[in-house]
Amino acid sequence: MLTKTKRTDPGAPGGVPWGRHGWQRRIEELDPVRDHQEIHRITAGYEFPWDYQRSLEFALFRTYCVPTISELLQRTGEFEKRPQKRYDDTALLMAELVEHGYDSERGIESLRIVNRMHGKYDIDNDDMLYVLTTFIYEPIDWIDRFGWRRLTPNERLASFHFYRQVGIRMGITNIPESYADFYRFKADYEQKHFRYTDDNHRVGTYTLRLFCSWFPAPLRPVVAQGVYSLLDPMMLAAFGFPAAPLRLQKLSRRALRIRARFVSFLPPRRRSKAARDRHNRSYPGYPVGYRPRDLGADNDNHRKDRPRAA
């Protein structure tokens, strides 16, 4: 009896078998506690890079529904004066941790920048805990609804353990030790703290304008309605935003599911996109020529017209 020989990609971690579900099979061979960094890098960098980017945009948006968080951002003026750079700094620093690991040279450097940025302000530990939950559970929820496949239990647990370790290295205390307990903290926190304030509305509006600025001017009103259509009622109320027409809500979700169906037929990705964004607006060509220390809201030393040493 003939058996099929598995073909492997020598450039991929672990020698992953070819096939659309090759990465998933590799993930199932790993332990979600011991191997959480490798699993999460595969999930975010190979399997769902677009979904992770979109879901984390909405995850950060969600944190601005908390009055103490939006008040701080409004007071610093970061989102009013330079929202694109604030967004890029956060996205790239977290992507560095995913791509290289939190204990790698670039990961340690990234965490140093993150801690320096947060250390300038008196931030409540529960607010930091809540922001951490959004990095875990918002992408999971997004991919369950709009991904080309659902996440496996190993991927869910790996995400929890990955960001729990990141939180520990950020000095966040009282992080729950189980996936379910941390999720309950998130749900309870939102029920207790989500409410409308003028600062929420201002920071939410700055962020909405940022999202719209990525599209040609004639499309921006449609983009704004599209964003409204993907926000849940709690977020809409906390921002004071109008609900999108029901027809548009259904259309937006349908479009995302059609995209997922299309992606399911694509070959598996052979190169991680976690920290590779050559079209980054604040750091053109990233990561070529950049180090994590070049990032940060208080770092204006980068120059778009001057190449940096690798």
query = Has the stretch 108-118 got at least one residue that is among the aliphatic types (A, V, I, L, M) and crowded, with 21+ Cβ neighbours inside 10 Å?
reply = yes
key: Ile172 being closer than 30 Å to Arg25 by Cα and either of a type in the set (Val, Ile, Thr) or free of Cβ contacts under 8 Å to residues at least 60 places away in the same chain (or both)   = no
ask   = Which pairs have Cβ atoms under 8 Å, sit 6 or more apart or on different chains, and link a residue in the stretch 19-30 that is under 13 Å from Leu151 (Cα atoms) to one that is hydroxyl-bearing (Ser, Thr, Tyr) and not in a loop (DSSP other than H, G, I, E, B)?
value = Trp23/Tyr46; Ile27/Thr43
message = Please go through the stretch 63-72 and give me each residue that is buried (at least 21 other Cβ atoms within 10 Å of the Cβ) and either more than 15 Å from Thr134 (Cβ to Cβ) or not polar (S, T, N, Q) (or both), ordered by number.
response = Tyr64, Cys65, Val66, Ile69
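Every residue, every condition in (1) charged (D, E, K, R); (2) surrounded by 18 or more Cβ atoms within 10 Å (Cβ to Cβ), yes or no:
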{"residue": "Gln165", "(1), (2)": "no, no"}
{"residue": "Ile168", "(1), (2)": "no, no"}
{"residue": "Lys186", "(1), (2)": "yes, yes"}
{"residue": "Thr205", "(1), (2)": "no, no"}
{"residue": "Leu208", "(1), (2)": "no, yes"}
{"residue": "Trp214", "(1), (2)": "no, no"}
{"residue": "Gly240", "(1), (2)": "no, no"}
message = I'd like to check something: does the stretch 79-102 contain any residue that is of a type in the set (Val, Ile, Thr), modelled with pLDDT under 95, out of contact with any Gly (no Cβ under 8 Å at 6 or more places or on another chain) and not in a helix (DSSP H, G or I)?
response = no
request  = Give the residues of the stretch 77-86 that are within 23 Å of Tyr163 (Cβ to Cβ) and surrounded by fewer than 21 Cβ atoms within 10 Å (Cβ to Cβ), sorted by residue number.
outcome  = Glu78
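One line per residue, one yes/no per condition, for (1) without any contact (Cβ under 8 Å) to a residue 12 or more places away in the chain; (2) among the hydrophobic types (A, V, I, L, M, F, W, C); (3) within 28 Å of Glu71 (Cβ to Cβ):
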residue: Asn200; (1), (2), (3): no, no, yes
residue: Leu208; (1), (2), (3): no, yes, yes
residue: Pro216; (1), (2), (3): yes, no, no
residue: Ala244; (1), (2), (3): no, yes, yes
residue: Leu248; (1), (2), (3): no, yes, no
residue: Ala260; (1), (2), (3): no, yes, no
residue: Pro268; (1), (2), (3): no, no, no
residue: Ala275; (1), (2), (3): no, yes, no
residue: Gly285; (1), (2), (3): yes, no, no
request  = Can you work out which of the residues in the stretch 143-198 that are touching a Pro at 6+ places or on another chain (Cβ under 8 Å) and polar (S, T, N, Q) is farthest from Glu57 (Cα to Cα)?
outcome  = Asn154
Yes/no for Ile140 being within 19 Å of the chain's Cα centre (by Cα) and at pLDDT 95 or above = yes
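Can you give me the number of residues within the stretch 258-273 that are in contact with a Phe, Trp or Tyr (Cβ under 7 Å, 6 or more places away or on another chain) and either surrounded by 14 or more Cβ atoms within 10 Å (Cβ to Cβ) or more than 14 Å from Phe146 (Cβ to Cβ) (or both)?
5
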task = Go over the candidates Tyr121, Tyr183 one by one and state the one that is of a type in the set (Ser, Thr, Tyr) and at pLDDT below 95.
result = Tyr121
ask   = Only one of (1) assigned to a helix (DSSP H, G or I); (2) surrounded by fewer than 21 Cβ atoms within 10 Å (Cβ to Cβ) is not met by Tyr46, so which one is it?
value = (2)
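The values are calculated or read from the model by the stated rules, or taken from the named source; none is laboratory data. Keep in mind that what you see is a predicted model, and the values were worked out from it rather than measured. So basically every Cβ, Gly included, is an ideal-geometry build from the backbone, and we count neighbours across all protein chains shown.
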